[in-house]
1. What are the residues in segment 146-181 that are within 18 Å of LEU63 (Cα to Cα), of a type in the set (Ser, Thr, Tyr) and in a helix (DSSP H, G or I), if any?
2. So, restricting to helices (runs of 4 or more DSSP H) that lie completely within segment 241-328, which ones have at least 3 residues that are in contact with a Leu (Cβ under 8 Å, 6 or more places away or on another chain) and not acidic (Asp, Glu)?
3. Quick one: ASP235 ticks every box in (1) within 20 Å of ARG172 (Cα to Cα); (2) of a type in the set (Asp, Glu); (3) in contact with an Asp or Glu (Cβ under 6 Å, 6 or more places away or on another chain) except a single one, so which number is it?
4. Report, by residue number, each residue of segment 290-321 that is under 25 Å from the mean Cα position of the chain (by Cα) and closer than 18 Å to VAL205 by Cβ.
5. Keeping to segment 222-240, report how many residues are of a type outside the set (D, E, K, R), in a helix (DSSP H, G or I) and under 19 Å from ALA88 (Cα atoms).
6. How do the pairs read when you match residues in segment 323-337 that are more than 20 Å from MET364 (Cα to Cα) with residues anywhere that are small (Gly, Ala, Ser) and in a helix (DSSP H, G or I), using Cβ under 9 Å and keeping only pairs 6 or more apart or on different chains?
7. Please go through segment 221-258 and pick out each residue that is over 13 Å from the mean Cα position of the chain (by Cα) and β-branched (Val, Ile, Thr).
8. Is it fair to say ALA208 is in contact with a Ser or Thr (Cβ under 8 Å, 6 or more places away or on another chain), in a helix (DSSP H, G or I) and within 30 Å of GLU303 (Cα to Cα)?
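The values are calculated or read from the model by the stated rules, or taken from the named source; none is laboratory data. Not measured: the values here are computed from a predicted model. Using ideal geometry, Cβ is built from the backbone for each residue, glycine included, and neighbour counts are taken over all protein chains shown.
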Amino acid sequence: MSETKVLLELVQRQLDEFCASRKEEFLTISPDLGILVDYTKDLLAGGKRFRALFCYWAWVACLDTAAFGQDHTQRTKSAEAMVGISAALEMFHGAALVHDDLLDQSDTRRGVPAIHKRFENMHDKSGWAGSPERFGQAGSVLVGDLMLAWSSELFGNALLKSPSAQIESACRDEFSKMRVEVMAGQYLDVLEENAAPTRDVEGAVGRANRVILYKTAKYSIEAPLLIGAAFAGADPATLRGLSAFGIPLGMAFQLRDDILGVFGDSSITGKPTGDDLREGKRTVLVALTRQALMPSVGKIFDELLSSRKLEEEQIAFLQQTIKGSGALAKTEQMIEELANESLSALDLLQVDASAKLQLRELAMRVINRQA
């Protein structure tokens, strides 16, 4: 069995065991609380595990195995801690997805109802008083908040096995920075979607890129790399090299996601085709389109994107407008350029060769993904 497969199985086992223990605690309070853990566990059962994998292979890449000498106990403790750290990152990612789906009013996630829709459907089927939509919103906020708290708990427990106080402090700093930056990016994303569509059209690409950097690129790729490397005791130069690799790759990751959100195959992505258009997302793809359109066509484009209730023909019109403007081709070119920048930075890293190969393979999966 490959090292990657072993890691993923161990991470899944830790997440399952953690959820089982929290459900047991919740059920002693009230049988009504079990559903919070059930929904959490369901969400954590799927996904690509990019954050866990980038974190783990950055740790392997930077680990000085000679430093352990014959201390097999310390080596084992460090490996066990990495499983916990990886699980914490996946729990944090789950929390971000729950809140993101609610903020975007995205009804599906991986081909099934999003958490807020699951609570809404439960309210509907139970015939309860009040608004199903508000109940769904409240339930998903609480699940997302629980997952944020649980990610910190998993992370803290893992760091109990840290090789040194200095390494523990460095990892905590990176984890804390990741949490703050993704919240900042989320707000900027919400702001962009709700601002007047005509606001500084020429500056829209820059604003969209800033959202990508903080909402996705840093927490999806850079932060896991830096946390894994910090746990291995990497020096500042190596950490800077990993950032140079991770940030452009994270930007490419989100640009690919933007394309899939407009043109992706719903049977593969698990979301309706054109879902980003229904949600009125102001992505780089959209910003590039707006820059290329005549004012009259741009006004129609903005009105449709702001309606949030698009028919299939309107989605088809927006898709064709994006293609015809050249924005799709420009975005693909940006992905290629960012990928080349990322891989060039990876080539310069002085780290374990086999782990570097694993990081390269992960990068290619990110760049070429279809979901």
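1. Residue satisfying the conditions is SER169 alone.
2. Numbers: elements: 266-269, 275-278, 284-292, 295-307, 312-324.
In segment 241-328, the matching helices (runs of 4 or more DSSP H) lie at 284-292, 295-307, 312-324.
3. Answer for ASP235: the failing condition is (3).
4. LEU305
5. So the answer is 9.
6. Listed pairs, sorted by first residue: LYS323/ALA329; GLY324/ALA292; SER325/ALA292; GLY326/ALA292; ALA327/ALA287; ALA327/ALA292.
7. Result: ILE227, THR238, ILE247.
8. Numbers: in contact with a Ser or Thr (Cβ under 8 Å, 6 or more places away or on another chain): yes; in a helix (DSSP H, G or I): yes; within 30 Å of GLU303 (Cα to Cα): yes.
In short, yes.
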